[in-house]
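The values are calculated or read from the model by the stated rules, or taken from the named source; none is laboratory data. Keep in mind that what you see is a predicted model, and the values were worked out from it rather than measured. All Cβ positions, even for glycine, are placed from backbone atoms using ideal geometry, and neighbour counts span all protein chains on display. Just the protein is used for accessible areas: all its heavy atoms, side chains included, with ligands, DNA and RNA removed. Shrake-Rupley method; radii C 1.70, N 1.55, O 1.52, S 1.80 Å.
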Amino acid sequence: MEPVQGKLSDGRQGVGACPIPVEEELRLPEAVAPFAWVFSPLPSHLVRHKKLSLCMIVRNEERFLSQALDSVKDLVDEMVVVDTGSEDNTVAIAQSYGARVSSHEWKNDFAKARNRAISEATGDWILMLDGDEVLDRRCFSRIRELIQKDVQVGYSFKFVNIMNDNEDPDIVRHYYIRLFPRSEDIYYKGALHEQVTQRIPDPDGTFIEFPVDRIVTDVVIYHQGYKPDLYRGRNKSERNIGILMESLEREPDHPFHHFNLGVSYFLDSEHEKALFEFERAETLCHPRHSYLPMVLIYGALCHQILGHMDRGLEKARKAVLVLPTSSEAHCILASLLETRGDDAGAEQEYLKALECGKHDNVYIFSDRSTSGWRTCNQLGMLYTRMGRMDEAISYFERAATEKPASVMLLVNTARAFRRAGRNAEAHFWLSRAYDIEPSGLERELADLLLTTNRRDEALEILESYASGNPSDLQVRLALAYQYQVSGDNEKAISRYRWYLEDGSRRPDVFQNAGFCAYQMGDLVSAESFWREGVKCGGGTDLLCNLGVLALNQGDREKALSRFREAASLDPECKKALSALGTILFDLRRHEEALPFLSRVVEKEDADPEVLLKWKLAQGYVEAGKLQNAK
């Protein structure tokens, strides 16, 4: 007889809504084609070099200003910097680059500050840059080409907004005009999210103002100002809200002011206030306003956050109609449909969002992830819930491949493979996540290694985790059990003791620790563990183990006592009943043995040895009765 072990149990803008002008080569009329040489470009030595002025408005930009100036110092002919009240080394840094620096009293008006910088420039063209922006130097030749043209247009650059400091950061894109001719008729207008404006004479002697015509280019500027720490640290939200409230006092029915105020409230998580402003902006917006899709998208997001699912769906569907190429609109619509249980509808909208990645929306902010990894991840989760694991794996892999430094995406991919029973591939993806950020993944990776029979690697990970996380008692228990399973009873006992040190006195832990000691032949420790387990409320298994130990030590009376205790706790305990019947039979106390053996034999799976002793006991008892009768 052997003892048993226990069972261890996102302010945005766009200009105009008409098609974007496209640069074309000059086409000559057929009549003048023979004289094409007249229209040919002049030799380079006869072309007057157009002068390019860098204009900046800055305040406390010492952290990034050098990067900004380094990015353009070999391109521009002069640097004009207007400081609006810096209290750090901003001015000194600008002067070290040879910039002309002047001071301007800040009056909650970005247009006035930018126009001040333009007024001090002497170049033919203005390049506007902020202190937390960097121009892609690979675009120099393109800019030099653009400024040689005699056109009254603004050139829109692609802004790549770096939203965090991750190795593979989130990116939001949009377009702004940042290059335009220096002219008294071209200037900025608007206290916040100011726009490049042009004026032309009207026959009545006044001027007509309108957004300058723009041409979209492939010139790239990198911007860091929307990183959460910078946005909060500079109190941009408080500043913007103040400016917008002043603007609304002057122009209470201007939809762009209401929209931008809504964005500021949204970024501050004041969703009720934000929704009010978005609703007001939508009411005042003309259908051709370029920022109308963003008004609707933000409105849908607010409704979703506030639990207004029906109204959110209405807004999202309207956004998709207004701008079918907006991946953001399709994503929010898909999310709302998913919340409503319409998985088929959600699937179609997510797929449409991915298709939108083929388009470049130049009028609104465009979050690259909504036509890429974020939507792929959503599709992966949707397909997982629907049980379509091959498709789920495909989209999880696509997301993790696009954003390989994302632990979340790597883990999601690993779990999809594991759910599909493909443990080797699950290990590949989970190991990549673990290499980036092991914290929180140790036990999951160890468990996966155990399923692939790589116990040594699993134990190494668990040991490392346990030493760094002494408060996690469960990992100590897992270590002990794995050492026990692998046959290393000495290490198993040490880990069980480590677990028991902190007062977690579970009977099953004492039971398994005692079993390991018993396996090693350390009967004293085995008895000690099992006795403690009984004190902690341990049941029949522990008492039976103590009975087995007493038998091995030759103390049958002590064994009988332990097995009787076990049988009293559980009258149906087969182990206790068998032991009692067998011991009493061996002591020739057949009449006492017979009731215990009879109860065991009544069970369907009675042991043959017990069955034999039961029959013998019956015979002995009958014989005894006959002898007594005589």
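Inside the stretch 355-372, can you point out the residues that are in contact with a Leu (Cβ under 9 Å, 6 or more places away or on another chain), open to solvent by 20 Å² or more (accessible area, probe 1.4 Å) and closer than 24 Å to residue 404 by Cα?
Within the stretch 355-372, 371 is the sole residue that qualifies.
Can you find, within the stretch 374-388, the residue that is farthest from residue 346 (Cα to Cα) among those that are part of a helix (DSSP H, G or I) and open to solvent by 60 Å² or more (accessible area, probe 1.4 Å)?
Looking at the filtered set, the residue picked out is 374.
For the stretch 490-565, which helices (runs of 4 or more DSSP H) that fit wholly inside it have 2 or more residues that are of a type in the set (D, E, K, R) and surrounded by 18 or more Cβ atoms within 10 Å (Cβ to Cβ)?
The helices (runs of 4 or more DSSP H) meeting that bar are 523-535.
Can you pull out every residue in the stretch 271-300 that is among the aromatic types (Phe, Trp, Tyr) and either in contact with a helix residue (DSSP H, G or I) (Cβ under 6 Å, 6 or more places away or on another chain) or open to solvent by less than 20 Å² (accessible area, probe 1.4 Å) (or both)?
278, 291, 298
If you check 253, 310, which single one turns out to be in a loop (DSSP other than H, G, I, E, B) and surrounded by fewer than 24 Cβ atoms within 10 Å (Cβ to Cβ)?
On the way: 310 fails: in a loop (DSSP other than H, G, I, E, B).
Checking each option against the conditions leaves just 253.
Tell me, which residue of the stretch 209-249 that is open to solvent by 70 Å² or more (accessible area, probe 1.4 Å) and closer than 28 Å to residue 182 by Cβ is modelled with the lowest pLDDT?
Filtering first and then ranking leaves 209.
Exactly one of (1) more than 30 Å from residue 521 (Cβ to Cβ); (2) surrounded by 21 or more Cβ atoms within 10 Å (Cβ to Cβ); (3) among the polar types (S, T, N, Q) is unmet by residue 431. Its number?
Exception for residue 431: condition (2).
When the residues of the stretch 434-452 are filtered to those that are open to solvent by 20 Å² or more (accessible area, probe 1.4 Å) and in a loop (DSSP other than H, G, I, E, B), which remaining residue is nearest to residue 400 (Cα to Cα)?
Looking at residues that are open to solvent by 20 Å² or more (accessible area, probe 1.4 Å) and in a loop (DSSP other than H, G, I, E, B), I get 437.
Consider only pairs whose beta carbons are under 6 Å apart and that are at least six residues apart or on different chains; among these, list those whose first residue lies in the stretch 402-414 and is in a loop (DSSP other than H, G, I, E, B) and whose second residue is open to solvent by 10 Å² or more (accessible area, probe 1.4 Å).
403/168; 403/373; 405/167; 405/168
Which one of these does residue 398 not meet: (1) farther than 30 Å from residue 486 by Cβ; (2) basic (Lys, Arg); (3) surrounded by fewer than 15 Cβ atoms within 10 Å (Cβ to Cβ)?
Going through (1) farther than 30 Å from residue 486 by Cβ; (2) basic (Lys, Arg); (3) surrounded by fewer than 15 Cβ atoms within 10 Å (Cβ to Cβ) one by one, residue 398 breaks only (3).
What are the pairs, 6+ residues apart or on separate chains, where a residue within the stretch 450-467 that is over 15 Å from residue 495 (Cβ atoms) has its Cβ under 6 Å from a residue that is open to solvent by less than 40 Å² (accessible area, probe 1.4 Å)?
Partner pairs satisfying both residue conditions: 450/458; 457/449.
Looking only at the stretch 475-489, count how many residues are of a type in the set (S, T, N, Q) and either surrounded by 24 or more Cβ atoms within 10 Å (Cβ to Cβ) or touching a Phe, Trp or Tyr at 6+ places or on another chain (Cβ under 9 Å) (or both). Give the steps one after another, and end with the answer.
Residues of the stretch 475-489 of a type in the set (S, T, N, Q): 482, 484, 486, 489.
In the following step, the residues that additionally are either surrounded by 24 or more Cβ atoms within 10 Å (Cβ to Cβ) or touching a Phe, Trp or Tyr at 6+ places or on another chain (Cβ under 9 Å) (or both) were identified as 484, 489.
Looking only at that region, the number is 2.
So, in the stretch 93-107, exactly how many residues are in a helix (DSSP H, G or I) and either open to solvent by less than 60 Å² (accessible area, probe 1.4 Å) or among the aromatic types (Phe, Trp, Tyr) (or both)?
Residues flagged as in a helix (DSSP H, G or I) and either open to solvent by less than 60 Å² (accessible area, probe 1.4 Å) or among the aromatic types (Phe, Trp, Tyr) (or both) within the stretch 93-107 amount to 2.
Residue by residue through the stretch 135-161, note down the ones that are among the hydrophobic types (A, V, I, L, M, F, W, C) and open to solvent by less than 10 Å² (accessible area, probe 1.4 Å).
The answer is 135, 143, 146, 147, 157, 159.
Could you grab me the full set of residues in the stretch 151-167 that are part of a loop (DSSP other than H, G, I, E, B) and at pLDDT below 90?
First pass over the stretch 151-167, keeping only residues part of a loop (DSSP other than H, G, I, E, B): 151-153, 163-167.
Once the filter is applied, which keeps residues that are part of a loop (DSSP other than H, G, I, E, B) and at pLDDT below 90, the stretch 151-167 yields 163, 164, 165, 166, 167.
So is residue 391 open to solvent by 60 Å² or more (accessible area, probe 1.4 Å), closer than 25 Å to residue 347 by Cβ, in contact with a Leu (Cβ under 9 Å, 6 or more places away or on another chain) and at pLDDT below 95 or not?
No; evaluated as a whole, the condition is false for this residue.
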